[in-house]
Amino acid sequence: MSHSAQPQRAQPQRAQPVALLVAYGWSAAQEDRWSHFLSGWCPTDRALVVQNDPASPDCARFRTLRGSNAFAEFSGYLEGYDALAPEHGGSAPVFVVNDTLFSHRWSTGWKRAVRLWAHRPPLALLGDPRHDPLPGTDRTLHFLSSWIFALHGPDAHRHFRAGLVAIQSSENWGVPAYPEPEYRLMVRDYLDGRRGRGWSRAGRATAALRALKEQCIYAEHRLGIIWTSKVGGLNADSRFLPDKSVFRALFQSNKRGQTANPHARAAAAARDANPAEVSTNPLILGSLAGYWRPLVRVSDRLLSARRRGFHWAKLPQ
């Protein structure tokens, strides 16, 4: 008996991620660390370094774009994102980070999280979430810390770029993100190093550098306002907190690299089967670290404490 061959179902082609690093200053050691961080998930020819310091040399192994530094790392993010448009096409996975990865973070742990993300990136805008209460009020500030982002899908791309454009406008840059006087006091205390997780350069920075840091804090918080208002009309926490969403399951992979949670597998399968529907989905925010978040965040806090000369740092609740 002869059996007719069954047609093979075409598998959707998964786009390779691209990586963007914004730096101020450069060295051979940083280039080695960046190369090591990318190894195993992002080819060298799909990585770009935006150099905001005009006095620093170009990279030896990576494409270099001279950034304007008009709005610190935020202008670098936008300039680098636009320069990488031929590679990401407005929907492919994009990883964005600044050079505090080398000085303030446990890069080995974050690399593990990013590699898991790159294996099967969810259609979302992910980062390092913060949920900081505003002292003296009932407000909580929800935002992604502005040192790291990972985006995939047209909605995440569109909102990522639109947010960067919005904060760099003349009516927003340098303007406090919240109207309460307690907000200005909180930012001032952070810059003075009075808070448990205060600025590592408190007391040592020039007035100009302190003013720039204040502007960047406002921009970071304003991005949080912009993005959390785009979560589809749901309670912001329900879409923003990673441990209560599908993203944690997507990061919890087994040894074969497959998603362990059956609900997450079903969601990922539905996404691959209906790629045309993603453009109608609301923006989804989440955590890049996934199940590595507790370990990564604790290690970052310990590094921060060591820089300030403390023996311990107050950990996030």
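Looking only at segment 157-186, how many residues end up being of a type in the set (A, V, I, L, M), in contact with a Phe, Trp or Tyr (Cβ under 9 Å, 6 or more places away or on another chain) and more than 24 Å from residue 104 (Cα to Cα)?
So the answer is 3.
Whether any residue in segment 167-190 is crowded, with 20+ Cβ neighbours inside 10 Å, aliphatic (A, V, I, L, M) and either touching a His at 6+ places or on another chain (Cβ under 6 Å) or touching a residue at least 60 places away in the same chain (Cβ under 8 Å) (or both) is what I want to check.
yes
Could you list, in sequence order, the residues of segment 77-117 that are crowded, with 21+ Cβ neighbours inside 10 Å, touching a Pro at 6+ places or on another chain (Cβ under 8 Å) and outside any helix (DSSP H, G or I)?
Residues satisfying the conditions are 93, 94, 95.
With respect to residue 161, determine if the residue is within 24 Å of the chain's Cα centre (by Cα), farther than 30 Å from residue 283 by Cα, touching a residue at least 12 places away in the same chain (Cβ under 8 Å) and not in a loop (DSSP other than H, G, I, E, B). It would help to see each step written out before you state the result.
Working: within 24 Å of the chain's Cα centre (by Cα): yes; farther than 30 Å from residue 283 by Cα: no; touching a residue at least 12 places away in the same chain (Cβ under 8 Å): yes; not in a loop (DSSP other than H, G, I, E, B): yes.
Here the answer is no, as residue 161 does not meet what is asked.
Considering only segment 34-60, state which residues are surrounded by 15 or more Cβ atoms within 10 Å (Cβ to Cβ), of a type outside the set (Ser, Thr, Tyr) and farther than 23 Å from residue 152 by Cα.
Matches in segment 34-60: 51, 52, 59.
For segment 201-214, which positions are touching a residue at least 24 places away in the same chain (Cβ under 8 Å) and surrounded by fewer than 17 Cβ atoms within 10 Å (Cβ to Cβ)?
Within segment 201-214, just 212 meets the criteria.
Each reported figure results from applying straightforward, stated rules to the coordinates on display, with no laboratory input. Every value quoted in this text rests on a predicted model; they were computed, and no experiment measured them. In this analysis, Cβ positions are derived from the backbone assuming ideal geometry, glycine residues included, and neighbour counts consider all displayed protein chains.
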